[in-house]
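A.B. asks: Structure in structure tokens, see below.
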Amino acid sequence: MRLDKFLKVSRLIKRRTVANEACDAEKVFVNGKVARASYDVKVGDVIEINMGKSPLKVRVLKVVEVVGKEGASDLYEVV
């Protein structure tokens with residue numbers, strides 16, 4: 001799954017276009033490297049988002065195409 005779509009599905013970022021813009025602005029890192037929106041997210045990847053007041057760092061636990069609001073937080077764990 002693409003990084004921008006994962007960020008939207010997991011509700012880490014509200015809209016896919018905002019996730020895409022954050023990747024273009026080099027505010028999203030995967031495993032310590034700047035990531036493009038087209039990066040293929042895998043289980044075990046560590047995603048760091050440097051938007052807002054404090055950076056957010058999460059580890060990917062599951063990658064699924066569709067998930068409800070309640071299950072969105074099960075896709076990752078905060079590191």
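Throughout, read-outs are computed from the coordinates displayed, never taken from laboratory work. All values reported here derive from a predicted model rather than from experimental measurement. Counting neighbours? That spans all protein chains shown, and the Cβs are built from the backbone with ideal geometry, glycine included.
A.B. asks: Sticking with the crude label model, points 7 Å out along Cα→Cβ, report the distance from residue 25 to residue 65 in nm, one decimal please.
C.D. replies: Using points 7 Å along Cα→Cβ, the separation is 3.1 nm.
A.B. asks: Step through the residues of the stretch 27-34 one at a time and calculate ³J(HN,Hα) from phi using the Karplus curve (6.51 cos²θ - 1.76 cosθ + 1.60, θ = phi - 60°), rounding each to whole Hz and writing x for Gly and Pro.
C.D. replies: 9, 10, 10, 10, 6, x, 10, 4
A.B. asks: To continue, here is another question. Counting helices only, and only those DSSP H runs with n ≥ 4, report the 222 nm mean residue ellipticity of the chain as the sum of -39,500 (n - 2.57) divided by its residues, in deg cm²/dmol to the nearest 500. Write down the numbers at each step before the final one.
C.D. replies: On the way: 2 runs with 16 residues, N = 79.
Helix-only estimate at 222 nm: -5500 deg cm²/dmol.
A.B. asks: Would you mind classifying the chain by shape? Square roots of the alpha carbon gyration tensor eigenvalues, ordered a ≥ b ≥ c; an a/c under 1.5 is rounded, otherwise it is prolate if a/b is larger than b/c and oblate if not. Kindly include the intermediate steps, with their values, before the conclusion.
C.D. replies: Working: a/c = 1.37, a/b = 1.30, b/c = 1.06.
It is rounded, given that a/c, with a ≥ b ≥ c, falls under 1.5.
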